[in-house]
Amino acid sequence: MSPPSISPRAFVMLLLLATMFGGNHVAARFAFNDGVDVATAVALRSAVTALVVGALVAQQRVPWAMTPRQRWVLLGISLLVAVQSLALYAAVARLPVALALLAFNTWPMATALWARVLYGRSPDRRTLLAMPILLVGLALALDVFGAASGLGAQAQWSRIGAGVGFALLASATFGLVMVTTQHEIAAIDGRLRSAVTMAIVGVLALIVTQAQGGLRLPHTPPGWWGLVMLTVLYGTAFTIMFTLLPRLGVVGSSPILNVEPVAAMVLAWALLGQRIAPIQVAGALVVVGTVMVLGLKRR
């Protein structure tokens, strides 16, 4: 059965969203380079997004009805999203932005593994075949043997190891969020889930900032622009994803959104001067293409 088509307007909107999500991480790198820490970025981004989506929930009179089990599961998922957000921004602070997002983009593989562990659902044949392709593409993109950089494997991993670890932690956590959401709280309106989750993530990140001595704000205008833009881009894209896209006939996450690492690669090259070798670009395209194929399969 072929996936349903989407309108040209929805297609353009999806590409815009992918670019905005990618731009949010590029902006975050400007902020991190100017003294902002990961917890501060997550706290401000999540708090502003929670306020906007919460206002929409109130304005649209979205029902708040939840069972006690759903409340506890939603709390647990919010904790996982907090970990995922902190880990992904920590990866962005340590790696070229596109590579951090590519490592995170292995989350469909993590989703399949969590579904097997928690709910006994074995991955289908197509997913099993995609897994090694995804890993090969990621290995090329990350230059795991240090061939493109000329550093050798040991020196390359000493440079990228921590960032890759954070990105894979974000991937594993997000995969768990996706599986748990699908099986436990899919009946809760997506707008309500998003507002509650962002609010809890914002509060948790703010607690972390206070434990570290308070918010760490930028020192110069470029850092402030980065902090403002990461908040605006993420909040706007997040809000559009849960309000406008359903009206355009796009249900759930679209595989087109997985071009985010490519958008981030172009933006990071143009704005941050981050360049990666041609073989790494090829690996990036393999990862993005594989994830998009898996997304089309689900639709």
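For the residue pair residue 186 and residue 61, what label-to-label distance in nm results when each label sits 7 Å from Cα along the Cα-to-beta-carbon direction?
The answer from the label model is 2.9 nm.
Using only the Cα atoms, work out Rg/Rh for the chain, with Rh taken as the Kirkwood radius, to two decimals. Numbers along the way, then the final one.
Working: Rg = 18.8 Å, Rh = 19.7 Å.
Using only Cα positions, Rg/Rh for the chain is 0.95.
Full-extension gain between residue 117 and residue 154, please, as 0.36 nm times their residue separation minus the C-alpha to C-alpha distance. Mind dumping the intermediate values first?
On the way: separation 37, 0.36 × 37 = 13.32 nm, distance 3.28 nm.
Fully extending the segment from residue 117 to residue 154 adds 10.0 nm.
What is the order of 286, 117, 293, fewest Cβ neighbours within 10 Å to most?
117, 293, 286
What is the fewest-to-most order of 131, 198 by other Cβ atoms lying within 10 Å of their Cβ?
Ranking 131, 198 by Cβ neighbours within 10 Å, fewest first, gives 131, 198.
Once each part is reduced to its C-alpha centroid, what is the distance from the stretch 178-222 to the stretch 61-118 in angstrom?
The stretch 178-222 and the stretch 61-118 have Cα centres spaced 11 Å from each other.
Would you mind calculating the gained length between residue 293 and residue 15 on full extension (0.36 nm times residue separation, minus the Cα-Cα distance), in nm to one decimal?
Extra length available between residue 293 and residue 15 comes to 98.4 nm.
Which Cα, out of 156, 270, 132, lies furthest along the positive dipole direction of the chain (beta carbon charges, K/R +1, D/E -1)?
After comparing all options, I get 132.
Pick out the long, greasy-scoring helices in the chain: whole DSSP H runs spanning 20 Å or more along their own axis by Cα, mean Kyte-Doolittle at least 1.6.
The answer, listed by residue number, is 38-59, 125-142.
So how far apart, in nm, are the two label points at residue 279 and residue 79 if each is 7 Å from Cα heading toward Cβ?
Spacing of the two 7 Å Cα→Cβ label points: 4.3 nm.
Can you give the extra length, in nm with one decimal, that the chain gains between residue 271 and residue 207 once fully stretched, where that is 0.36 nm per residue apart less the Cα-Cα distance?
This chain segment gains 19.8 nm when fully extended.
Compare 87, 130, 98 in a GNM of the chain, Cα atoms joined below 10 Å, and give the one with the largest fluctuation.
Judging by the Gaussian network model, the answer is 130.
Return the distance in nm (one decimal) between the two label points of a simple spin-label model at residue 135 and residue 71, each offset 7 Å from Cα along Cα→Cβ.
Result: 4.3 nm between the two label points.
Can you give the relative contact order of the chain as a percent, counting alpha carbon pairs under 8 Å and 6+ residues apart?
With pairs under 8 Å counted, the relative contact order is 43 percent.
If each residue's Cβ is checked for other Cβ atoms within 10 Å, how do 160, 133, 276 rank with the fewest at the top? Present the calculation step by step, with values, prior to reporting the outcome.
Working: 160 24, 133 14, 276 21.
Ranking 160, 133, 276 by Cβ neighbours within 10 Å, fewest first, gives 133, 276, 160.
Give the calculated FRET efficiency between residue 124 and residue 220 to the nearest 0.05, with a Förster radius of 41 Å applied to their Cβ-Cβ distance.
The pair residue 124/residue 220 has a calculated efficiency of 0.20.
Let me have the 222 nm mean residue ellipticity of the chain computed from DSSP H runs of 4+ only, each contributing -39500 (n - 2.57), with the sum over all residues rounded to the nearest 500.
Calculated from helices alone, the mean residue ellipticity at 222 nm is -25500 deg cm²/dmol.
Where a number appears in this text, it was derived from the coordinates with a stated rule and is not lab data. Computed from a predicted structure; not experimentally measured. Using ideal geometry, Cβ is built from the backbone for each residue, glycine included, and neighbour counts are taken over all protein chains shown.
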